[in-house]
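The values are calculated or read from the model by the stated rules, or taken from the named source; none is laboratory data. These figures come from a predicted structure and were not determined experimentally. FYI the Cβ positions are ideal-geometry reconstructions off the backbone, even for glycines, and counts take in every protein chain you see.
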Amino acid sequence: MKRRLYTLDVFTSKPLNGNPLAVVTDGDGLPQSTMQAVAREMNLSETVFVQRPTNNRALARLRIFTTTRELPLAGHPVIGTWFLLADLGVVPASEGQVHILQQTGAGILPVEFTFHDGRPKRVTMTQKPAKFVRAGINRAALASALGLKPADLASDLPVELVSTGVSNLLVPLRGRHALGKIHMNMRALAQLISRHATMAYCFAPGRRGKAFARGMLPWGLLEDPATGSAGGSLGAYLVQHGRLRTGESLHITQGVEMGRPSEMRVEVGAERGRLVPRVSGSAVRIFEGHIDL
């Protein structure tokens, strides 16, 4: 049976930038083993399968797969898939803001669209409330695994595990120059973080409201050019440690060092004493066709 397949670049409006994503828009009826095999075949950080929701509050259900496993939630797959579905007319276009609910492995979560002249311009996902856990990882060993010196790590901010649906290790660096010095030892970094986090999200704060980041993945893909889940975690982290105010926009630039610059915006709200990030970005369609399954 032919299934409709698209690829997009996410967290960018320029082709061949941002983070590549594959989306199968008619994913109903596929066994999990087949979806996992397709994700391996695509060999991208994530592949999404759009299905009918099992909860009638949601417009669609997203199944998100890496090359090795299914994820409950991830940023650039959500942003890219809903940008595509809005572009295809699945989301009713209306000038200005449109709100829907999506079903993910992390639950029923809201998505917001900004339309202009009948076309989507920006998609915003609300993530789960942030959870913070001190990592207990030796800073010298972590620096070494990243090809850095301990002095390259910021001394006034903690290395911390933050989850807004997916756990990431947030690694604050002294300045943007340290980002360019990263040379990951995959085995050493995997040994340090494999029980705790999906990636080491290394960042350097810029002037207020800006940050630069690299998402280091010691699982074979090496580096992620844009990571929405980690961007949400970073926004919550900066609010938690007094470097950002709730409701203040954070602009994150990622992927520069690997030649795929990406841009995302994060705003963090406070709900019942918990920090809830909203991550937004754009996408551009690259390829469309069919896959025989």
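Summary table below
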{"quantity": "Strands (runs of 3 or more DSSP E) lying entirely in segment 1-120 (those with 2 or more residues that are out of contact with any Leu (no Cβ under 8 Å at 6 or more places or on another chain))", "calculated": "2-10, 60-65, 96-104, 107-116"}
{"quantity": "One residue from 269, 215, 220 being part of a strand (DSSP E or B), among the small types (Gly, Ala, Ser) and under 21 Å from residue 42 (Cβ atoms)", "calculated": "215"}
{"quantity": "Pairs where the first residue, in segment 207-225, is more than 12 Å from residue 19 (Cβ to Cβ) and at pLDDT 95 or above and the second is of a type in the set (Phe, Trp, Tyr) and not in a loop (DSSP other than H, G, I, E, B), C-beta under 8 Å, 6+ apart", "calculated": "211/203; 212/203; 213/201; 213/203; 214/201; 214/203; 216/201"}
{"quantity": "Hey, residue 226 surrounded by fewer than 19 Cβ atoms within 10 Å (Cβ to Cβ) and outside any helix (DSSP H, G or I) or not", "calculated": "no"}
{"quantity": "Pair list, Cβ < 7 Å and 6+ apart or interchain, from segment 184-201 residues that are closer than 16 Å to residue 167 by Cα to residues that are β-branched (Val, Ile, Thr) and in a helix (DSSP H, G or I)", "calculated": "200/193"}
{"quantity": "Condition broken by residue 277, with the remaining ones in (1) at pLDDT below 95; (2) in contact with a strand residue (DSSP E or B) (Cβ under 8 Å, 6 or more places away or on another chain); (3) not polar (S, T, N, Q) satisfied", "calculated": "(1)"}
{"quantity": "Test: residue 67 is modelled with pLDDT of 95 or more and not hydrophobic (A, V, I, L, M, F, W, C)", "calculated": "no"}
{"quantity": "Residues of segment 233-276 that turn out to be surrounded by 16 or more Cβ atoms within 10 Å (Cβ to Cβ), of a type in the set (A, V, I, L, M) and farther than 26 Å from residue 133 by Cβ, as a count", "calculated": "1"}
